[in-house]
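Throughout, read-outs are computed from the coordinates displayed, never taken from laboratory work. Because the structure is predicted, anything quoted here is derived from the model rather than measured. Please note: Cβ atoms are built from the backbone with ideal geometry, for glycine as well, and neighbour counts cover all protein chains shown.
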Amino acid sequence: LYTTKNRHRYHTKNNNLPFNVYAQGVNIKVHGTEFNISAYEDQDSVETVLLNGSISLKHSDYPGDQGIKMVPGQRINYYKQADSVRSDFVDAQAFGSWKDGIIIFNDSPMEEVQKKLERWFNVSIIIEDESLMNYRITGVLENRTLDQIMRFISLTSPVDYKQEGDKVYMKKR
């Protein structure tokens, strides 16, 4: 088990002894696998990505439901407010890389970049110009400091930034 706050990566090999993981109203039955869960109280969805192996995912309010059996590379987002599920397929490597100190942005919207960096570095990022929310970021950043990542964003986008303690201010250049 690798963990950082509300982001967890599980790895187990014993198919004969499944176990359950509960996260923000979602029950995940583990059958010998490796997967990633992102479950934050301030986030509208619980995101589960299966890296390899097999899991069954169901909402804990439906005890008779057998859930959705996931396949490797599948991502399921459970939206808490709407009580709905959306499934798609993703690059599983990008979702498991955080435990190795690698942040991957793959055409990520600025809001996603903001939240990921806030959680990773325990800072507040204040975007002073709403037009920056239209930008998308792509890059693989391994073992980088917050300043190095902000310089990368500044070099690849018309963004200026300054850091004051645990706050980072971003504005359009």
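Worth a mention:
- Of LYS58/LYS80; LYS29/LYS69; LYS115/LYS167; LYS115/LYS171; LYS69/LYS116, those spanning more than 18 Å from alpha-carbon to alpha-carbon: LYS69/LYS116
- The stretch 105-170 and the stretch 73-101 have their alpha-carbon centroids 21 Å apart.
- Relative contact order of the stretch 57-173, pairs being alpha-carbon contacts under 8 Å that are 6 or more residues apart, as %: 20
- Cα-based radius of gyration of the stretch 63-173 once divided by 2.2 N^0.38 Å, which approximates compact folds: 1.25
- Model label points for GLU128 and LYS99, set 7 angstrom from Cα along the Cα-to-Cβ axis, are 4.0 nm apart.
- Residue-count net charge about ASP166 - beta-carbon cut-off 14 Å; Lys, Arg +1, Asp, Glu -1: 0
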